[in-house]
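Peer 1: I'd like to ask you about the structure that follows.
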Amino acid sequence: MTSNPRFQQLPPARQQMIRARLRRWNAMTPAEKEVVREREEIQRLRALSPEEQERAMSADPRFLRLPPAAQRIVRRRLERWNAMTPGQREVMRNREEIFRGLSPEQRQEARAIFPQWRRLPPERRKSVNKAFLRLRDLAPGERQNFLVSPEVKKQFSPQEQHILEGLNKLLPDSPLARPDQPDK
């Protein structure tokens, strides 16, 4: 795979993400791989019209074997998807792609940080987002200095600083992105 010319043309960060995903796939148990396949089936259903989705689910033995509560969850997720605008769907696809590229530790961090971020008032979310974009553009070695800078301490509450620290852990070059490697 890594000797593939198309792979070599990808940006280094994308190559790193793909390598990490392959390592995780190869380390998965058969049951974990089945969960991934089920997620991919939902993504396949999203590409269909609502009528086609219903026909596909009605003819799918795996779907029919699901408990009724699980079938309702799938249907509700598809209903929400179908109600989205094309722009909202694109945003959702991008978020899912980013999330799939995270290490398990980063996913856990994201699940802890994003609810805290969502609880911020809209104007504070914008400020945190702006700081995160600045943080993201810094070299990995400069990020910690930014997070402890007087500017950040003055502009952000302790809770907002905690959120920025958590977001920093989601970046590709963070220690959580490469738990098998020692911190530099």
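The values are calculated or read from the model by the stated rules, or taken from the named source; none is laboratory data. This is a predicted model, so every value here is computed, not measured. Backbone-built Cβ (ideal geometry, glycine too); neighbour counts: all protein chains shown.
Peer 1: Would a scan of the range 70-86 turn up a residue that is in contact with a helix residue (DSSP H, G or I) (Cβ under 9 Å, 6 or more places away or on another chain), surrounded by fewer than 10 Cβ atoms within 10 Å (Cβ to Cβ) and assigned by TED's automatic domain parsing to the domain that holds W25?
Peer 2: Taking every residue of the range 70-86 in turn, none turns out to be in contact with a helix residue (DSSP H, G or I) (Cβ under 9 Å, 6 or more places away or on another chain), surrounded by fewer than 10 Cβ atoms within 10 Å (Cβ to Cβ) and assigned by TED's automatic domain parsing to the domain that holds W25.
Peer 1: Among the residues in the range 103-117, are any more than 30 Å from R19 (Cβ to Cβ), at pLDDT 90 or above, surrounded by 12 or more Cβ atoms within 10 Å (Cβ to Cβ) and assigned by TED's automatic domain parsing to the domain that holds A13?
Peer 2: no
Peer 1: Can I ask one more? Could you give me the residue pairs with C-beta distances under 8 Å whose first residue belongs to the range 145-159 and is basic (K, R), whose second residue is surrounded by 12 or more Cβ atoms within 10 Å (Cβ to Cβ) and assigned to a helix (DSSP H, G or I) wherever it lies, and which are 6+ apart or on separate chains?
Peer 2: K153/Q161
Peer 1: Of the residues that make up the range 2-20, is at least one at pLDDT below 85 and hydroxyl-bearing (S, T, Y)?
Peer 2: yes
Peer 1: May I pose another question? Taking only the range 1-36 into account, find how many residues are surrounded by 10 or more Cβ atoms within 10 Å (Cβ to Cβ) and either of a type outside the set (K, R) or under 28 Å from R77 (Cβ atoms) (or both).
Peer 2: Of the residues in that region, 19 qualify.
Peer 1: Considering only the range 66-184, give the helices (runs of 4 or more DSSP H) lying wholly within it that have at least 2 residues that are over 30 Å from E52 (Cβ atoms).
Peer 2: Counting at least 2 such residues, we get 104-118, 122-137, 140-147, 150-155, 158-168.
Peer 1: Of the residues R44, R107, which is charged (D, E, K, R) and closer than 30 Å to D173 by Cα?
Peer 2: Every option except R107 fails the conditions.
Peer 1: Looking at the range 139-154, can you tell me whether even one residue there is under 19 Å from the mean Cα position of the chain (by Cα), farther than 30 Å from A47 by Cβ and β-branched (V, I, T)?
Peer 2: Checking the range 139-154: not a single residue is under 19 Å from the mean Cα position of the chain (by Cα), farther than 30 Å from A47 by Cβ and β-branched (V, I, T).
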